[in-house]
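The values are calculated or read from the model by the stated rules, or taken from the named source; none is laboratory data. Just so it is clear, the structure is predicted and the values come from calculations on it, not from any experiment. Quick reminder, even Gly has a Cβ in these numbers, built from the backbone with ideal geometry, and neighbours come from all protein chains shown.
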């Protein structure tokens with residue numbers, strides 16, 4: 001009889017098959033299985049149900065945002081392999097950077113993963129392709145896809161990972177901190193945006209020049225959480241090209257530029273971010289863009305947006321857009337608390353340039 | 001006056017027919033110049049800032065206040081850059097097709113665009129996409145290097161057309177592999193910038209970039225026009241051209257160098273804008289024939305009009321998104337390319 005599922009559970013024979021069918025039915029009826037009972041059925045970033053047969057003991061993590069989450073949950077000791085993103089960023093990842101590398105986040109070496117004998121691979125929703133489930137599944141490796149990329153899904157994904165790693169308390173602890181700051185920033189911004197001027201308009205540019213971060217992008221969610229209106233909210237695609245003329249005609253009073261994915265934590269001199277800001281200010285004809293003319297251009301490191309530190313990025317944006325908050329929102333203090341409390345690192349590095357200091 | 005002999009009458013008839021042909025082709029050239037001018041005006045009158053044609057033209061004269069300033073600073077550079085890029089790519093394509101005697105040749109098939117692409121990717125990898133000067137300089141240098149490699153290969157084999165094409169294809173694959181290698185090793189930010197560079201964009205055009213592009217694109221124009229008879233003879237075959245006194249190797253090497261300079265100058269700031277170098281010469285050939293005295297300027301004017309038209313369509317088809325110019329020119333060019341392939345099977349070019 002042909003097996004319907006190739007996981008370790010189902011390979012045990014007819015009993016495994018029956019169990020597999022039960023799991024599928026359970027997942028359809030009850031999205032969240034009870035904590036502590038195994039197998040655990042969870043919903044991944046693609047909305048699919050994934051049965052995790054037993055608590056993972058050896059994990060390969062391709063998604064650096066998810067690795068942050070694993071570290072927040074105090075499960076770094078379960079990680080046996082990482083992607084090259086982590087190997088390139090030693091001061092921040094510390095001992096995790098010394099783990100065996102299994103290739104790029106979007107095209108890993110599956111044989112290198114298998115050689116580490118993991119029971120779980122934690123990766124992005126859409127990368128690598130779904131062939132890894134087909135190829136690693138028969139080896140008894142569960143592939144769990146969690147992005148930790150959007151504010152709208154970060155909380156749910158943290159709950160899922162907390163359940164899978166049997167650390168729901170730590171997940172709740174982080175989420176209370178994350179929600180707390182997000183709510184505080186929203187409540188502080190709310191009275192400021194009800195005036196005649198409404199939401200300040202922001203031009204939010206992705207890594208590439210003249211490409212917006214529009215609806216559907218993680219930065220767009222953060223911009224809205226920080227009390228701004230993204231002028232690209234009319235776009236049909238997340239990273240559309242726009243003309244300088246459209247930017248000028250839309251009259252944004254703020255510009256936010258996505259900064260570097262270089263290791264911001266190791267940075268002691270923000271030259272890299274500064275040069276990016278200078279190049280924006282020097283673009284031909286951009287003196288007609290209100291935000292550029294007024295010098296209100298914030299370059300923000302991608303290390304604080306998106307991911308588990310997204311609330312730090314939201315705080316930088318909120319303070320930049322609403323200087324009235326300078327006394328009550330301190331991104332550095334929020335960041336310090338995150339690093340010291342959840343990661344065990346002191347605050348250092350370069351994360352934002354362009355803002356007026358309080 | 002003595003009566004005309006039969007031979008004289010034939011000559012007179014031939015001269016009259018030739019003059020009529022030249023008149024028709026000159027009229028076609030004038031029409032293309034008008035088309036190009038119309039494309040410029042159309043491009044100037046379309047934009048997000050709700051500035052119509054009247055205001056846009058007023059802005060060119062220095063008036064119009066803030067709206068005029070927007071036209072001069074943001075809209076006009078786009079038009080000028082689009083025109084220069086189209087002119088350069090189309091004339092480079094016409095030259096390449098003539099010296100290789102191949103209707104499907106273009107600066108892209110010689111690997112020059114792949115070299116430029118690799119150079120841009122290398123610049124982004126080393127300095128970041130926001131260092132536009134480094135990216136453009138690296139792109140230009142690698143395009144020039146590609147041309148040198150292909151020419152060196154060709155000279156070693158007597159500058160034969162087949163050697164140039166095969167050498168170009170080989171170099172194209174080499175640079176494609178190197179580009180993929182850098183993309184593989186790059187960060188997400190760099191990959192993002194690299195991918196968008198290959199889409200092509202006129203949004204980065206400022207007057208400094210335009211000046212540098214003009215330095216690469218415009219000086220070769222009179223030089224190529226001076227060679228138009230040689231190019232006509234080359235189309236008849238190397239032996240025929242040699243027997244008529246053409247220094248085949250010199251024209252071929254010089255032509256490739258000028259085409260490479262125009263191509264590199266055209267795309268180093270704007271990214272890859274495909275098919276103009278292939279399609280514009282063929283469209284011009286249909287309109288004015290294969291005489292390079294008319295074909296070269298006609299393809300240049302048509303190339304400029306095509307790029308400007310594609311840019312306007314790209315800006316207006318899905319506002320406020322801009323469909324990148326490289327995508328737009330390919331979308332318009334591919335159907336024509338298929339038509340050319342079908343024509344080619346019937347032996348016409």
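Do we have residue A:163 as more than 14 Å from chain B (Cβ to nearest Cβ), touching a residue at least 60 places away in the same chain (Cβ under 8 Å) and closer than 26 Å to residue A:55 by Cα here? When the stated conditions are applied, residue A:163 passes them. Of everything in the stretch A:228-284 that is more than 9 Å from every other protein chain (Cβ to nearest Cβ), touching a strand residue (DSSP E or B) at 6+ places or on another chain (Cβ under 7 Å) and part of a loop (DSSP other than H, G, I, E, B), the residue that is farthest from residue A:215 (Cα to Cα) is A:270.
Selection over the stretch B:322-339 of residues that are surrounded by fewer than 22 Cβ atoms within 10 Å (Cβ to Cβ) and within 11 Å of chain A (Cβ to nearest Cβ) gives a count of 2. Restricting the first member to the stretch A:94-109 and to residues that are touching a residue at least 24 places away in the same chain (Cβ under 8 Å) and within 14 Å of another protein chain (Cβ to nearest Cβ), and the second to residues that are crowded, with 17+ Cβ neighbours inside 10 Å and in a strand (DSSP E or B), no beta-carbon pair is closer than 7 Å while six or more apart or on different chains.
Out of the residues in the stretch B:297-321 that are buried (at least 24 other Cβ atoms within 10 Å of the Cβ) and without any contact (Cβ under 8 Å) to a residue 60 or more places away in the chain, state the one that is farthest from the other protein chains (Cβ to nearest Cβ). Here the residue is B:310. Please indicate, with yes or no, whether at least one residue in the stretch A:96-103 is at pLDDT below 95, more than 21 Å from residue A:306 (Cα to Cα) and buried (at least 21 other Cβ atoms within 10 Å of the Cβ). Scanning the stretch A:96-103, I find at least one residue that is at pLDDT below 95, more than 21 Å from residue A:306 (Cα to Cα) and buried (at least 21 other Cβ atoms within 10 Å of the Cβ), so the answer is yes. Within the stretch B:296-304, not a single residue is farther than 24 Å from residue B:223 by Cα and part of a helix (DSSP H, G or I). Residue B:46 fulfils the conditions (1) under 22 Å from residue A:250 (Cα atoms); (2) over 30 Å from the mean Cα position of the chain (by Cα) except for a single criterion, (2). Among the residues of the stretch B:1-60, write down those that are in a loop (DSSP other than H, G, I, E, B) and closer than 30 Å to residue B:298 by Cβ. Passing the criteria: B:46, B:47.
Where helices (runs of 4 or more DSSP H) fall wholly inside the stretch B:203-273, the ranges with 2 or more residues that are over 17 Å from the mean Cα position of the chain (by Cα), modelled with pLDDT under 90 and within 21 Å of residue B:106 (Cβ to Cβ) are B:248-267. Only one entry of B:145, B:181, B:166 meets the criterion of being part of a helix (DSSP H, G or I) and touching a helix residue (DSSP H, G or I) at 6+ places or on another chain (Cβ under 7 Å), and that entry is B:145. Right, residue A:182: crowded, with 16+ Cβ neighbours inside 10 Å, modelled with pLDDT of 90 or more and over 28 Å from residue B:318 (Cβ atoms) or not? Spelling it out, residue A:182 is indeed crowded, with 16+ Cβ neighbours inside 10 Å, modelled with pLDDT of 90 or more and over 28 Å from residue B:318 (Cβ atoms). Scanning the stretch B:172-182 for any residue that is at pLDDT below 85 and within 14 Å of another protein chain (Cβ to nearest Cβ) turns up nothing. Going by the conditions given, is residue B:57 touching a residue at least 12 places away in the same chain (Cβ under 8 Å) and closer than 26 Å to residue B:305 by Cα? Yes; evaluated as a whole, the condition is true for this residue. Being assigned to a helix (DSSP H, G or I) and under 22 Å from residue A:134 (Cβ atoms), is that true of even one residue in the stretch A:88-111? Scanning the stretch A:88-111 turns up at least one residue that is assigned to a helix (DSSP H, G or I) and under 22 Å from residue A:134 (Cβ atoms).
Scanning the stretch A:267-299 for residues that are touching a helix residue (DSSP H, G or I) at 6+ places or on another chain (Cβ under 6 Å) and crowded, with 19+ Cβ neighbours inside 10 Å yields A:285, A:286, A:288, A:289, A:292, A:297, A:298, A:299. Being surrounded by fewer than 20 Cβ atoms within 10 Å (Cβ to Cβ) and away from chain A (no Cβ under 14 Å) is a property that residue B:153 has. Taking the criterion of being assigned to a helix (DSSP H, G or I) and surrounded by fewer than 22 Cβ atoms within 10 Å (Cβ to Cβ), the residues of the stretch B:184-200 that qualify are B:184, B:185, B:188, B:189, B:191, B:192, B:195, B:198, B:199. The residues of the stretch A:58-84 that are assigned to a helix (DSSP H, G or I), modelled with pLDDT under 95 and either surrounded by fewer than 20 Cβ atoms within 10 Å (Cβ to Cβ) or in contact with a strand residue (DSSP E or B) (Cβ under 6 Å, 6 or more places away or on another chain) (or both) amount to a single one, A:84.
Do we have residue A:178 as farther than 21 Å from residue A:320 by Cβ and touching a residue at least 40 places away in the same chain (Cβ under 8 Å) here? When the stated conditions are applied, residue A:178 does not pass them. For first residues located in the stretch B:188-201 and more than 7 Å from chain A (Cβ to nearest Cβ) and at positive phi, partners that are assigned to a helix (DSSP H, G or I) and surrounded by 20 or more Cβ atoms within 10 Å (Cβ to Cβ) and lie 6+ apart or on another chain with Cβ distances below 8 Å form the pairs B:200/B:267; B:200/B:325; B:200/B:326; B:200/B:329.
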